Amino acid sequence: MDAFDAILGRRSIRRYTAASVPDALVMELLQAAMSAPSAGNQQPWHFVVIADRRLCEEIASFHPYAQMVREAPVAILVCGDLRLESYRGYWMQDCSAATQNILLAAHARGLGAVWVGVYPKEDRVGRFRTLLKLPAQVIPLALVPVGFPAEHLPAANRFNLSRVHRDRW
Ligand SMILES: Cc1cc2nc3c(=O)[nH]c(=O)nc-3n(C[C@H](O)[C@H](O)[C@H](O)COP(=O)(O)O)c2cc1C
């Protein structure tokens with residue numbers, strides 16, 4: 001799939017078939033994630049691949065907007081590691097770029113995915129920290145449930161010329 005088609009055609013997919021996602025595809029998504037740009041190329045990320053059904057049920061029990069994780073065969077938790085930061089304060093942007101790459105790669109491979117927000121909600125960060133035994137310097141940014149899509153959403157055209165400014169506001 002052409003990169004521009006992937007960008008314009010990607011939507012948040014929250015319904016999935018029962019088919020499992022082959023690990024080779026998960027690895028491709030992680031390869032895309034780790035190809036993201038980062039400040040000074042610091043790559044301050046870690047990824048937790050979650051397929052255990054009990055963990056998925058537990059996540060759905062504490063995250064009000066993550067009910068789709070019950071149905072998703074796999075989910076990727078994108079985390080920032082403060083000890084890997086050379087340029088302090090940029091981890092969120094770096095990990096957000098990695099998250100977006102996962103979404104685009106999933107769409108390009110015929111998978112469906114959605115960005116589920118974790119950071120900066122302290123309660124969600126704490127619950128993931130306890131559930132997955134994350135080290136203290138590791139902060140979960142976003143959960144990305146992934147599966148083969150059981151819903152198909154049309155491309156959303158959000159181009160808005162009123163948000164474009166040339167040379168000055
Ligand atoms: C930072 C962030 C947090 C989000 N959190 C959630 C979430 O917790 N649950 C959810 O279902 N969708 C979540 N979304 C997905 C948005 O709802 C979605 O991207 C938006 O409605 C636009 O729809 P689209 O992705 O289909 O284009 C989040 C997206 C972002 C960027």
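The values are calculated or read from the model by the stated rules, or taken from the named source; none is laboratory data. Model, not experiment: these values are computed from the prediction. Note that each Cβ is placed from the backbone with ideal geometry, even for glycine, and that neighbours are counted across all protein chains shown.
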(message) Condition check: of a type in the set (Phe, Trp, Tyr), outside any helix (DSSP H, G or I) and away from the ligand (no atom under 12 Å from the Cβ). Does residue 47 satisfy that?
(response) yes
(request) Find all pairs meeting these conditions: Cβ atoms under 8 angstrom apart; at least six residues apart or on different chains; first residue within the stretch 48-73 and among the basic types (Lys, Arg); second residue at pLDDT 95 or above and not in a loop (DSSP other than H, G, I, E, B). (result) 70/56; 70/57; 70/60
(request) Could you grab me the full set of residues in the stretch 132-162 that are within 30 Å of residue 88 (Cβ to Cβ), away from the ligand (no atom under 12 Å from the Cβ) and not small (Gly, Ala, Ser)? (result) 132, 133, 134, 135, 137, 138, 139, 140
(message) Out of 98, 32, I need the residue that is surrounded by 14 or more Cβ atoms within 10 Å (Cβ to Cβ), within 15 Å of the chain's Cα centre (by Cα) and within 15 Å of the ligand (Cβ to nearest atom). Which one?
(response) 98
(message) Suppose we keep only residues that are buried (at least 16 other Cβ atoms within 10 Å of the Cβ) and of a type in the set (Lys, Arg) within the stretch 110-131. Which one would you say is farthest from the ligand (Cβ to nearest atom)?
(response) 129
(message) So if I check each of 141, 161, which one is in contact (Cβ under 8 Å) with a residue 12 or more places away in the chain and either closer than 20 Å to residue 65 by Cβ or surrounded by fewer than 10 Cβ atoms within 10 Å (Cβ to Cβ) (or both)?
(response) 141
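Inside the stretch 53-75, can you point out the residues that are more than 14 Å from the ligand (Cβ to nearest atom) and surrounded by 14 or more Cβ atoms within 10 Å (Cβ to Cβ)?
The answer is 55, 56, 58, 73, 74.
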(request) Check whether at least one residue in the stretch 80-89 is within 18 Å of residue 143 (Cα to Cα) and either within 12 Å of the ligand (Cβ to nearest atom) or β-branched (Val, Ile, Thr) (or both), and report yes or no. (result) no
